[in-house]
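See structure below.
The values are calculated or read from the model by the stated rules, or taken from the named source; none is laboratory data. Just so it is clear, the model here is predicted, and its values are computed rather than measured. Quick reminder, even Gly has a Cβ in these numbers, built from the backbone with ideal geometry, and neighbours come from all protein chains shown. SASA here: full protein model, heavy atoms, side chains in, ligands and nucleic acids out. Shrake-Rupley method; radii C 1.70, N 1.55, O 1.52, S 1.80 Å.
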Amino acid sequence: MVDNRKISIIGGGGHIGLPLSVLLFNQGYKVNLVDINKQNLQLIKKGKAPFYEKDIEKHLKKTIQNKRFETSHVLETIKDSKFIFICIGTPISKKLRPDLKKFFNLIISVKKIMNNNSHLIIRSSIAPGTFRKIFKALNKNNTFTNLSYCPERVLQGQSMIELSRIPQIISSYNLKTLKHVKKLFSKLCKTVLVCKPEEAEMAKILSNAYRYMNFSIANQFFQICDQNDLSFEKIRRLMSFNYSRASGLAASGFVGGPCLMKDTMQLNYLAKNKKNLLKLSYEVNENLPKYIVSKIKKIKNYKSKKVCILGKTFKANNDDLRGSKSLDLIRILKKNKIKHEVYEPNLEKKSKKKINSMIDSSHIIVLATPHKEFKKIKISKNKVLIDTSGFFLK
Ligand SMILES: NC(=O)c1ccc[n+]([C@@H]2O[C@H](COP(=O)([O-])OP(=O)(O)OC[C@H]3O[C@@H](n4cnc5c(N)ncnc54)[C@H](O)[C@@H]3O)[C@@H](O)[C@H]2O)c1
């Protein structure tokens, strides 16, 4: 028997699954959060978020007091759910190709357990063509078509605010499923956009590739300006002031995280022409830490000097280290035996005295992640400042 109020979120302990679980709970659904990470489940059970997500803990405090919110590491608990979301990662291999073995295996296991009248919703980002493959695998004997693809498009850390504001793209080959899914998402957000699964897949991947490539343009310009002793950020502001044609140009800086590079490379894998902008963007963004080290190596007696790196996480005001370019920078500095120290306010608190002494004892300061805390830091003129994003520009 299917329980019409029950929704299972597989990968519910993750960055995408957890906010979605909480918001569905807020809409009155019975939420079953399924995740293999038992440590994170323990935290969630105590009303604590395993990672930074703005405002989520005040909502989690309500879920722990309510029987409508359950957590489990056992897949069988999805059995009687009307909707089942798949929110697990969709990684790429070291060779930059989609690596979906675990993703496919999970979906096959889910299909064996779930009720055929329930609806399976893929929320993870998938490359164009993946939905059709999954659909074929699940519908081998013409028994199951209740599959939809409804991609997540929020900015990490802002899910609780953005989920209701961003138009939700939904897609399926089955019109009945589409109707049910539309009704569900209409409770979460104002606008629901319906399209074909292939269009939804492409829209999600192109959005991420577009952002990644836009950052690579900025990073390319940053290097050219820097080589000419000019501040790219100052010029970017000059270009875009009351001039809308240049307003879409991103700020420069390290591009990390679990999505942008990964999705751009999923697209590159599909692209027939391998001499394309996607791969060039990858080279520009991925090589920015190397460019910074090459600058450091031009400083006289650089081996006797210490580098202070401000920021370790992949994005500002967040605690997530996934795909962080600051970590790449640290690795290259280590390899080159260049002395360095890192300050990451979102992972360890340091006293003002300690921060000041870190800055004072360093000759070179690299701004890796533009956290708001760094605004208070004063850097004297006798230091070499390498500011990847123009953060310290007044
Ligand atoms: N992070 C973002 O900002 C963002 C935005 C849009 C889309 N996405 C996409 O969403 C997907 C998930 O990303 P994420 O950042 O939430 O990843 P995540 O690693 O934070 O979360 C994935 C969760 O799935 C769990 N998991 C893995 N295998 C499982 C299994 N077999 N059964 C149950 N749980 C399992 C993990 O323990 C983890 O908690 C990816 O496809 C990503 O590209 C992410």
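When the helices (runs of 4 or more DSSP H) confined to the range 280-385 are screened for residues that are modelled with pLDDT under 95 and farther than 28 Å from residue 265 by Cα, those reaching at least 3 such residues are found at 352-360.
I'm checking my understanding of the structure. Among residues of the range 4-47 that are open to solvent by 70 Å² or more (accessible area, probe 1.4 Å) and in contact (Cβ under 8 Å) with a residue 60 or more places away in the chain, which one is nearest to the ligand (Cβ to nearest atom)? Among them, the one singled out is 27. Considered as a group, the residues in the range 261-284 that are touching a Leu at 6+ places or on another chain (Cβ under 8 Å) and of a type in the set (S, T, N, Q) include one that is least open to solvent (accessible area, probe 1.4 Å), and that residue is 264. Taking the conditions exactly as written (more than 10 Å from residue 309 (Cα to Cα), open to solvent by 20 Å² or more (accessible area, probe 1.4 Å) and not hydrophobic (A, V, I, L, M, F, W, C)), does residue 325 satisfy them or not? When the stated conditions are applied, residue 325 does not pass them. Residues that are within 15 Å of the ligand (Cβ to nearest atom), of a type in the set (Val, Ile, Thr), closer than 25 Å to residue 262 by Cβ and not in a loop (DSSP other than H, G, I, E, B) occur in the range 115-126; there is at least one.
Counting the residues of the range 48-101 that are in contact with a Phe, Trp or Tyr (Cβ under 6 Å, 6 or more places away or on another chain), assigned to a loop (DSSP other than H, G, I, E, B) and open to solvent by less than 40 Å² (accessible area, probe 1.4 Å) gives 1. Residues in the range 102-128 that are open to solvent by 20 Å² or more (accessible area, probe 1.4 Å) and either within 22 Å of the chain's Cα centre (by Cα) or charged (D, E, K, R) (or both): 102, 104, 106, 111, 112, 128. Within the range 239-260, if we keep just the residues that are open to solvent by 40 Å² or more (accessible area, probe 1.4 Å) and under 23 Å from residue 325 (Cβ atoms), the residue that is farthest from the chain's Cα centre (by Cα) turns out to be 248.
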